[in-house]
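Report on the following structure.
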Amino acid sequence: MSQKEYNPYENMLAVLKQSAEKLGLDPDDYATLCYPERELKVSIPIKMDDGKVKVFEGYRVQHSSARGPCKGGIRFHQDANMDEVKALAAWMSFKCAVVNIPYGGAKGGIKVDPSKLSRDELIRLTRRYTTRILPIIGPDKDIPAPDVNTNGEVMAWIMDTYSMFQGHCVPGVVTGKPVEIGGSVGRVEATGRGVTIITYECLKVNDMDASSVAIAIQGMGNVGGTAADIFYNNGQKVVAVSDYTGGVYCEEGLPINEIRAFLAGGNTLNDYQNDKVTHITNDELITCKCDVLIPAALENQITADNAEAIQAKIIVEAANGPTTVEADEILNKKNVIVCPDILSNAGGVVVSYFEWVQNIQSLTWDLEEVNRTLNKIMLTAFNEVAELSKEKEVPMRMAAYMVAIKRITTAGKLRGGPISLG
Ligand code: GLU
């Protein structure tokens, strides 16, 4: 069966529609949620190292500010486009609402393969992009953060550029900064840590013994890599991992410490040598023999083409939008438990919120406080979603959307508009 053309925004709208119907949402509220409040497309001309000018395309979309300032990452990727950023912005609104932190949702991106640019070119690209989106960002308006192919260093350049225009240092304009310039301890690991918190809780409520489950993780970036480390250090069996070059599988469990050190040396998994492991493709990882599957790469990985063959009993979505609507239907029929992205990967934005709170108050939290509060917020959200899922007999994704939509529309109503006064 060939897959229909995937559009992340249409995927988001389809899930929103199903959840709004189940919730009996007011049509005015539903209509308002279908559109981002603001979409900005910018050109980013920069001088390349060879002296020639190249023009890149950038985006920043603010989906909702009903519950607070807009919040969400910026990704650098050759396939970034407006519809993807629009979907990701809406997912951020739902994510912040489901974990009940006082933010709306936004997302940004630049259509670029950052591995093809020198460091100097990347600095110029980031700074010029920041000036282009400058009128709509700020600690009270919209707060960017890292996402695919961006990190603390990129956030530092954004913070510096924004601060230059204000004439003073404004650390609260971005989160995910290096700790030395106002970042929060625990932020880099937060998304991966949150994924493990959700995984353990999901195993617990489903009476599955964490010590005997086999875990497969697609993607060894910051999120997948951190989750793999935590599981491995806790003694769990991680049987498969992958990066963009492919994956490795070992039924007895992989030596994650050795693999992480190998990848940290700038290597890729296709070059990893170990007699005990079998090399697999990314698609084979999705359908490999495991109990818990964690897609931690990009959108559109679990599709109508591979969902039927999935062997995992639990899927914890660490990436944003890894599952298509068609695949979701198949997984529901197979009784696979799917912990949805807007819940499972919310740990990153939760600790971003702690970072912003620390910046605004000019004080710092220690790691114990960060992780304890993260744990509390993630568990509260998981249990609210799990309870609603049970009560309404709907999958966890629909329950998570129902919780989120209710919170966003309630905020809008309290403010006197259909959703928000903008
Ligand atoms: N990019 C991350 C996400 O998709 C983090 C966003 C943030 O911290 O604002 O959730």
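Which pairs turn up if I take residues in segment 11-25 that are of a type in the set (A, V, I, L, M) and look for partners that are surrounded by fewer than 19 Cβ atoms within 10 Å (Cβ to Cβ) with beta carbon separation below 6 Å, at least 6 apart in sequence or on another chain?
Note: pairs meeting the criteria are 14/325.
Would it be correct to say that residue 129 is assigned to a helix (DSSP H, G or I), closer than 19 Å to residue 62 by Cβ and touching a residue at least 40 places away in the same chain (Cβ under 8 Å)?
When the stated conditions are applied, residue 129 passes them.
Tell me, please, whether a residue that is touching a strand residue (DSSP E or B) at 6+ places or on another chain (Cβ under 9 Å) and either away from the ligand (no atom under 15 Å from the Cβ) or of a type in the set (Phe, Trp, Tyr) (or both) can be found in segment 167-177.
Scanning segment 167-177, I find at least one residue that is touching a strand residue (DSSP E or B) at 6+ places or on another chain (Cβ under 9 Å) and either away from the ligand (no atom under 15 Å from the Cβ) or of a type in the set (Phe, Trp, Tyr) (or both), so the answer is yes.
Of all residues being of a type in the set (Gly, Ala, Ser) and in a loop (DSSP other than H, G, I, E, B) in segment 247-290, which is farthest from residue 235 (Cα to Cα)? Just the residue, please.
Going through the qualifying residues, I end up with 266.
Rundown of residues vs (1) under 25 Å from residue 322 (Cβ atoms); (2) surrounded by fewer than 18 Cβ atoms within 10 Å (Cβ to Cβ); (3) touching a His at 6+ places or on another chain (Cβ under 6 Å), yes/no style:
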| position | (1), (2), (3) |
| --- | --- |
| 140 | no, yes, no |
| 144 | yes, no, no |
| 152 | yes, no, no |
| 156 | no, no, no |
| 161 | no, no, no |
| 168 | no, yes, no |
| 174 | no, no, no |
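Being more than 13 Å from the ligand (Cβ to nearest atom) and touching a residue at least 12 places away in the same chain (Cβ under 8 Å) is true for just one of 152, 138. Which residue is that?
Unique residue meeting the criteria: 138.
Out of the residues in segment 197-237 that are part of a helix (DSSP H, G or I), β-branched (Val, Ile, Thr) and in contact with a Gly (Cβ under 9 Å, 6 or more places away or on another chain), state the one that is surrounded by the fewest Cβ atoms within 10 Å (Cβ to Cβ).
So, considering only residues that are part of a helix (DSSP H, G or I), β-branched (Val, Ile, Thr) and in contact with a Gly (Cβ under 9 Å, 6 or more places away or on another chain), the one surrounded by the fewest Cβ atoms within 10 Å (Cβ to Cβ) is 230.
How many residues does segment 170-195 hold that are in contact (Cβ under 8 Å) with a residue 60 or more places away in the chain and not basic (Lys, Arg)?
So the count comes out to 14.
Going by what's in this entry, would residue 177 be described as under 27 Å from residue 266 (Cβ atoms) and of a type in the set (Lys, Arg)?
Here the answer is yes, as residue 177 does meet what is asked.
Within segment 317-325, is even one residue assigned to a strand (DSSP E or B) and either β-branched (Val, Ile, Thr) or under 19 Å from residue 208 (Cα atoms) (or both)?
Yes, that holds for at least one residue.
If only one of 79, 29, 49 is at pLDDT below 95 and more than 25 Å from residue 139 (Cα to Cα), which one is it?
29
Do you know which residues across segment 238-263 are of a type in the set (Gly, Ala, Ser), surrounded by fewer than 23 Cβ atoms within 10 Å (Cβ to Cβ) and under 23 Å from residue 188 (Cα atoms)?
Once the filter is applied, which keeps residues that are of a type in the set (Gly, Ala, Ser), surrounded by fewer than 23 Cβ atoms within 10 Å (Cβ to Cβ) and under 23 Å from residue 188 (Cα atoms), segment 238-263 yields only 261.
Let me confirm something: among 391, 355, which residue is away from the ligand (no atom under 16 Å from the Cβ) and either of a type in the set (S, T, N, Q) or modelled with pLDDT of 95 or more (or both)?
So the residue among 391, 355 that is away from the ligand (no atom under 16 Å from the Cβ) and either of a type in the set (S, T, N, Q) or modelled with pLDDT of 95 or more (or both) is 391.
Mind checking whether some residue in segment 361-376 is closer than 26 Å to residue 176 by Cα, within 16 Å of the ligand (Cβ to nearest atom) and of a type in the set (A, V, I, L, M)?
Taking every residue of segment 361-376 in turn, at least one turns out to be closer than 26 Å to residue 176 by Cα, within 16 Å of the ligand (Cβ to nearest atom) and of a type in the set (A, V, I, L, M).
Can you name the residue in segment 8-47 that is of a type in the set (Gly, Ala, Ser) and in contact with a helix residue (DSSP H, G or I) (Cβ under 7 Å, 6 or more places away or on another chain) and is also surrounded by the most Cβ atoms within 10 Å (Cβ to Cβ) among such residues?
Looking at residues that are of a type in the set (Gly, Ala, Ser) and in contact with a helix residue (DSSP H, G or I) (Cβ under 7 Å, 6 or more places away or on another chain), I get 19.
So, residue 132, is that one away from the ligand (no atom under 13 Å from the Cβ) and in contact with a Phe, Trp or Tyr (Cβ under 7 Å, 6 or more places away or on another chain) or not?
no
When you scan segment 49-114 for strands (runs of 3 or more DSSP E) that lie fully inside it, which ones turn up with 2 or more residues that are over 19 Å from residue 9 (Cβ atoms) and away from the ligand (no atom under 14 Å from the Cβ)?
53-64
Looking at segment 389-406, which of its residues are assigned to a helix (DSSP H, G or I) and surrounded by fewer than 19 Cβ atoms within 10 Å (Cβ to Cβ)?
390, 391, 392, 406
If I filter segment 303-352 down to residues being more than 16 Å from the ligand (Cβ to nearest atom) and of a type in the set (S, T, N, Q), which single residue comes out as surrounded by the fewest Cβ atoms within 10 Å (Cβ to Cβ)?
My answer is 335.
Between a residue in segment 80-105 that is within 17 Å of residue 59 (Cβ to Cβ) and acidic (Asp, Glu) and any residue that is more than 12 Å from the ligand (Cβ to nearest atom) and part of a loop (DSSP other than H, G, I, E, B), which pairs come within a Cβ distance under 9 Å, given they are 6 or more apart or on different chains?
Filtered contacts from segment 80-105: 83/7; 84/7.
The values are calculated or read from the model by the stated rules, or taken from the named source; none is laboratory data. Because the structure is a prediction, the values reported are computed rather than measured. Cβ atoms come from the backbone with ideal geometry, glycine included; neighbour counts cover every protein chain shown.
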